[in-house]
Amino acid sequence: MPQLLLELFSEEIPARMQAQAAKDLERMARERLAAAGFLPEALTAMAGPRRLTLVAEGLPVAQPERHEELKGPKVGAPPQAMEGFLRKAGLTQDQLTERDGVYYAHVHKAGRQTTEIVAEMVEEIVRGFPWPKSMTWGYGKLRWVRPLKRILCVFDREIVPFSIDGIESADLSEGHRFMGKNRVFRARDFDEYRQGLLAHHVVLDPEERKARILEGAKTLCFARNLELVEDQGLLEEVAGLAEWPTPILGDMDPAFLALPPEVIRTSMRTHQKYFAVRDPATGKLAPHFLVVANIQAPDGGAEIARGNAKVLSSRLSDARFFWDEDVKVGFDAWLKKLDGVTFHAKLGTMAERVERIVALAREIAPMVGADVEKTAEAARLAKADLTSEMVGEFPELQGVMGGYYARAFNLDGEIADAVRDHYKPQGPGDAVPTAPVSIAVALADKLDTLVGFFAIDEKPTGSKDPFALRRAALGVIRIITENGLRLPLNRFATKTPDLTPFFADRLKVALRDQGKRHDLVDAVFALGDDDLVRIVSRVEALDAFLKTDDGANLLAGYKRAANILKAEEKKGALPTGDATALAGAPAEESALLAAVQNARPVADKALESEDFAAAMQALAELRAPVDAFFEKVLVNDTDVAARDNRLRLLSQVKTTTERVADFSLIAG
Amino acid sequence: MSAEKPKSFQGLILTLHDYWSKQGCVILQPHDIEVGAGTLHPATVLRALGPKPWNAAYVQPSRRPSDGRYGDNPNRLQHYYQYQVILKPNPAEMQDLYLGSLEAIGLDLRLHDIRFVEDDWENPTVGAWGLGWEVWCDGMEVSQYTYFQQVGGLDVSPVAGELTYGLERLAMYVFGVDNVYDLPFNDAGVSYGDVFLENERQQSQANFHGYDVATLKRQFEDMEREVPLMLERDYQGRSLVLPAYDMVLKASHLFNLMNARGAIAVAERASYIGRIRDLCKMCAQKWVEQQEAA
């Protein structure tokens, strides 16, 4: 079956946009082909520094002929209706058929040529492509991420002819900008294209570029007894910056290793897009760097390595200058500068924020077993590095630099660590702080952010969360639960009542991400608890309980009881009070009553000591008597006293169960 | 293309002049008013607007008062040179033309790693932005390459391509010099330091301590008041856009001086920039009207 090959060749596409562009191209092509009735056997899109490529395998050369039956007017309908219908169908009345008093038209639609459909599809894709930022060039009106230069479009080895704003489709592609002689080459199918690119020094597939970089880099390192510091994000980026990625190992003046490793790595990464290299024996950074060039130079990359080493050296000299200047200045001068830094127009300066964090940290410290004075001091110093030169240059080193400077000024180790770690966790992959002082400052930092923005009604909506409040809330949740902290969260939300459900939502999301059923989370949240550790262990116990036979059956019994009570409630108020042992009651009723009377105190005691597994076990004892009761006893007895007593009994079963979780919210 | 590769700072400039002259550019001299970036020369900012084609190249001294380091820093200057090229409309082969200029100044493109790394240029004081790249040579930024999309808050059509070479940095790279003051200025033994070191010292002192803030502020306000008045004056039915724009440039430089003197509070900064942008927009609008009428 014929193959379609499309290449949109442009000037350099930003690396960060390439992966999404490939996805968008594939999606748009798939949708448009499907709309034409085509289901390709395979459809792949790839993006590189100068091109987007699409291959569709197994398309027919034309759409199949289509037959449609159109329902027309009834026999005897007004002539206008018939005229309208005939016009639409393009037929005369004698060509219609009649069935059950209704006219039908049979229309044959010839299938269109695939090339026509492809030409339209490409034009629509090019004109409607969702680049995050696009531009016009020259006199043109066409928009693309950077000037679009060529369109290669071949179907079944033939050029699909079309023209978009003066760009004629062809069977020509272009190779590497600098390597090789003739840049332009011809390709009529994917094999020719891929081989043509390779011959012209272009690796088409981003995965292959990444693999080449990693492999080459590791080989270079290995030969020098070094180890590459892997960095997935950086790998993605550099693979989008080179068509012929060529790793080169360069040297760095070992004197720079006196700088904090984070500074070296950040400088390499953000400014120069270099990988760091370490000594496998010590695990420490080695005086080298790995750059991924876009050419294989005849001198083996010696010039490139030399040039890059020079640039890195001047970057690291700057960093060393910042360090030297910073240690001349120090925390007190930085703190003064925070007066002039606005945190948010409605939430005051950073200096004011620091005061709030100090107060909160003091309050939290005793709850987490942290020394109050140390915590307060750490909180006071935590934000100071924001006005240091180094953090001005590398904002992502906030906290980290504060920690280094605190140690450089011989401050207490716990304080230095808290300054360093108080932004943690910064993402799902980041660890939470575990030292008490660090925990207290980290919580105070996040709670101040949350309370502040909720107070001025800047809550996240939909996909918008400009102040990263979801991340802050999740950070609080993780710090509390992963450290097993007993902290009543609502106490911090007294002035911002919306914050409590926000935490609940975030916790639900977090538990759901761990694979916990969201209905169980809801069932536990409905109890109104604000102790996260307790909530989590309750959800875990509930999850385990419902997986047992007893749990599943008790849930069924509970639902049945609840349904009966609901139905009876519609007829009139339910009887109040506890059930009693009525004379002549069926054995199953007496047994259930005894079981409930037994289970309740056991469950309560277990709940009090937060032994949720034991509480569930107490409930499990109800399962057999509940099952037997429903099997043998009719609730709606004609004897009102018997009926009322049984309803009271079911109420007791329900409320006892609900002390552990709101079972009505559990699915199943 | 010159057969000889340049060996000095001025040789580099002459080579670029020669190269871009052969591409049909008007070779201009610097604009005679202090500017913070070569883009602000009316040959770029104003000529990028309106329908008329325009190809020009020039050297423009850039003044960045806050970057003064009294001649002590090997690569930071408060007065340095930018080489500017504007091609309007941008020719289809503009990237190749640019790479040709690198070869002309002696870079062997088979030995060096040249990259076009995303960098979208923006100058909020003149309400201008464009898409393009920083051009890296072996990890060093040697040029800024931009396709203008808006200037003075107005969409441009046709689109102009702009190239900015940081001349000192490029020269240091091409000649393998680590300290800007050691650059050979000419082929006869005069160094960059011989020409500019004393200037850097004196100007740094003036930028940080010398200028009288009250005077700067008054002059800024004078310019701000004069721009709309100048735009209302007319010569043969045209408002005086070009002199008005010169006053915008003066206001902008006065702002930079006040900033270096530490006279602009953080909260005031945005408002000053907004005031300059508004003046610039007025000029841009008038200019486009004139260009379209002509």
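The values are calculated or read from the model by the stated rules, or taken from the named source; none is laboratory data. The structure displayed is predicted, hence computed values, not measured ones. Because the Cβ atoms are built from the backbone with ideal geometry, glycine has one as well, and the counts that use them run over all protein chains shown.
Among the aromatic types (Phe, Trp, Tyr), over 21 Å from A:Thr657 (Cα atoms) and surrounded by 16 or more Cβ atoms within 10 Å (Cβ to Cβ): which single residue out of A:Phe492, A:Phe545, A:Phe525 fits that description?
Numbers: A:Phe545 fails: over 21 Å from A:Thr657 (Cα atoms); A:Phe525 fails: over 21 Å from A:Thr657 (Cα atoms).
So the residue among A:Phe492, A:Phe545, A:Phe525 that is among the aromatic types (Phe, Trp, Tyr), over 21 Å from A:Thr657 (Cα atoms) and surrounded by 16 or more Cβ atoms within 10 Å (Cβ to Cβ) is A:Phe492.
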Output the strands (runs of 3 or more DSSP E) that fall wholly within the stretch A:100-193 and possess 3 or more residues being surrounded by 14 or more Cβ atoms within 10 Å (Cβ to Cβ) and touching a strand residue (DSSP E or B) at 6+ places or on another chain (Cβ under 7 Å), or say none.
A:102-109, A:148-155, A:167-170, A:172-174
Is it the case, given these coordinates, that A:Asp448 is without any contact (Cβ under 8 Å) to a residue 40 or more places away in the chain and over 23 Å from the mean Cα position of the chain (by Cα)?
no
Criterion (surrounded by fewer than 19 Cβ atoms within 10 Å (Cβ to Cβ), in contact (Cβ under 8 Å) with a residue 40 or more places away in the chain and under 30 Å from A:Ser173 (Cα atoms)) met by exactly one of A:Glu215, A:Glu207, A:Glu236
A:Glu236
Does any residue of the stretch A:343-363 turn out to be in contact (Cβ under 8 Å) with a residue 12 or more places away in the chain, loosely packed, with under 15 Cβ neighbours inside 10 Å and among the β-branched types (Val, Ile, Thr)?
no
If we keep just the residues of the stretch A:347-364 that are over 32 Å from the mean Cα position of the chain (by Cα) and small (Gly, Ala, Ser), which is nearest to A:Leu335 (Cα to Cα)?
A:Ala351
Do you know which of the residues in the stretch B:61-115 that are among the acidic types (Asp, Glu) and more than 10 Å from chain A (Cβ to nearest Cβ) is nearest to B:Gly36 (Cα to Cα)?
B:Asp67
Taking helices (runs of 4 or more DSSP H) that fall entirely within the stretch A:557-668, which contain at least 1 residues that are polar (S, T, N, Q) and farther than 26 Å from A:Asp522 by Cβ?
A:587-608, A:640-658
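Any chance you could count how many residues in the stretch A:1-56 are of a type outside the set (S, T, N, Q) and surrounded by fewer than 16 Cβ atoms within 10 Å (Cβ to Cβ)? Write out each step before concluding.
First, the residues of the stretch A:1-56 that are of a type outside the set (S, T, N, Q): A:1-2, A:4-9, A:11-17, A:19, A:21-43, A:45-52, A:54-56.
Adding the requirement that they be surrounded by fewer than 16 Cβ atoms within 10 Å (Cβ to Cβ) leaves A:1, A:16, A:19, A:23, A:27, A:31, A:34-35, A:37, A:39, A:41-42.
So the answer is 12.
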Within the stretch B:148-163, can you find the residues that are free of Cβ contacts under 8 Å to residues at least 24 places away in the same chain and within 14 Å of B:His41 (Cβ to Cβ)?
none
Of all helices (runs of 4 or more DSSP H) fully inside the stretch B:212-293, the set with 1 or more residues that are touching a Gly at 6+ places or on another chain (Cβ under 7 Å) is B:241-260, B:266-293
Looking for whichever is more than 14 Å from chain B (Cβ to nearest Cβ), over 40 Å from the mean Cα position of the chain (by Cα) and either more than 30 Å from A:Pro298 (Cα to Cα) or among the β-branched types (Val, Ile, Thr) (or both) here; the options are A:Val102, A:Val122, A:Val154. Which one fits?
A:Val102
Could you tell me which residue of the stretch B:169-219 is nearest to B:Gly262 (Cα to Cα), considering only residues that are of a type in the set (Lys, Arg) and in contact (Cβ under 8 Å) with a residue 40 or more places away in the chain?
B:Lys217
Mind checking which residues of the stretch B:132-153 are touching a Lys or Arg at 6+ places or on another chain (Cβ under 8 Å), of a type in the set (A, V, I, L, M) and farther than 17 Å from B:Leu16 by Cα?
B:Met140
Select, from A:Leu593, A:Leu532, A:Leu582, A:Leu574, the only residue that is surrounded by 15 or more Cβ atoms within 10 Å (Cβ to Cβ) and within 16 Å of A:Lys654 (Cα to Cα).
A:Leu593
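Every residue, every condition in (1) closer than 30 Å to A:Val327 by Cβ; (2) buried (at least 23 other Cβ atoms within 10 Å of the Cβ); (3) modelled with pLDDT of 95 or more; (4) not charged (D, E, K, R), yes or no:
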position: A:Ile415; (1), (2), (3), (4): yes, yes, yes, yes
position: A:Pro433; (1), (2), (3), (4): yes, yes, yes, yes
position: A:Leu443; (1), (2), (3), (4): yes, yes, yes, yes
position: A:Ala455; (1), (2), (3), (4): no, no, no, yes
position: A:Leu469; (1), (2), (3), (4): no, no, no, yes
position: A:Arg478; (1), (2), (3), (4): no, no, no, no
position: A:Pro497; (1), (2), (3), (4): no, no, no, yes
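Residues are listed down the side, and each one gets a yes or a no for (1) at pLDDT below 95; (2) surrounded by fewer than 20 Cβ atoms within 10 Å (Cβ to Cβ):
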| site | (1), (2) |
| --- | --- |
| B:Asn90 | no, no |
| B:Trp133 | no, no |
| B:Asp138 | yes, no |
| B:Glu141 | yes, yes |
| B:Thr146 | no, no |
| B:Leu154 | yes, yes |
May I ask you to list pairs of residues, at least six apart or on different chains, whose Cβ atoms are under 8 Å apart, with the first in the stretch A:645-660 being touching a residue at least 40 places away in the same chain (Cβ under 8 Å) and of a type in the set (A, V, I, L, M) and the second being buried (at least 24 other Cβ atoms within 10 Å of the Cβ) and not in a helix (DSSP H, G or I)?
A:Val653/A:Leu622
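What are the residues in the stretch A:215-232 that are farther than 12 Å from A:Tyr274 by Cα and either of a type outside the set (D, E, K, R) or not assigned by TED's automatic domain parsing to the domain that holds A:Thr282 (or both), if any? Steps first, answer last, please.
Pass one, the stretch A:215-232, residues farther than 12 Å from A:Tyr274 by Cα: A:215-216, A:218-227, A:232.
A:Gly216, A:Thr219, A:Leu220, A:Cys221, A:Phe222, A:Ala223, A:Asn225, A:Leu226, A:Gln232, listed by residue number.
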Which of (1) within 30 Å of A:Phe289 (Cα to Cα); (2) more than 14 Å from chain A (Cβ to nearest Cβ); (3) part of a helix (DSSP H, G or I) does B:Gly193 not meet, given it meets every other one?
(1)
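Conditions (1) assigned by TED's automatic domain parsing to the domain that holds A:Gln398; (2) of a type outside the set (A, V, I, L, M); (3) surrounded by fewer than 15 Cβ atoms within 10 Å (Cβ to Cβ); (4) more than 38 Å from the chain's Cα centre (by Cα), marked per residue:
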{"site": "A:Phe275", "(1), (2), (3), (4)": "no, yes, no, no"}
{"site": "A:Arg278", "(1), (2), (3), (4)": "no, yes, no, no"}
{"site": "A:Leu285", "(1), (2), (3), (4)": "no, no, no, no"}
{"site": "A:Ala293", "(1), (2), (3), (4)": "no, no, no, no"}
{"site": "A:Gln296", "(1), (2), (3), (4)": "no, yes, no, no"}
{"site": "A:Gly301", "(1), (2), (3), (4)": "no, yes, no, yes"}
{"site": "A:Asn308", "(1), (2), (3), (4)": "no, yes, no, no"}
{"site": "A:Lys328", "(1), (2), (3), (4)": "no, yes, yes, yes"}
{"site": "A:Gly340", "(1), (2), (3), (4)": "yes, yes, yes, no"}
Name every residue in the stretch B:138-166 that is within 16 Å of B:Ile105 (Cβ to Cβ), outside any loop (DSSP other than H, G, I, E, B) and at the interface with chain A (Cβ under 7 Å from one of its Cβ atoms), in order of residue number.
B:Met140
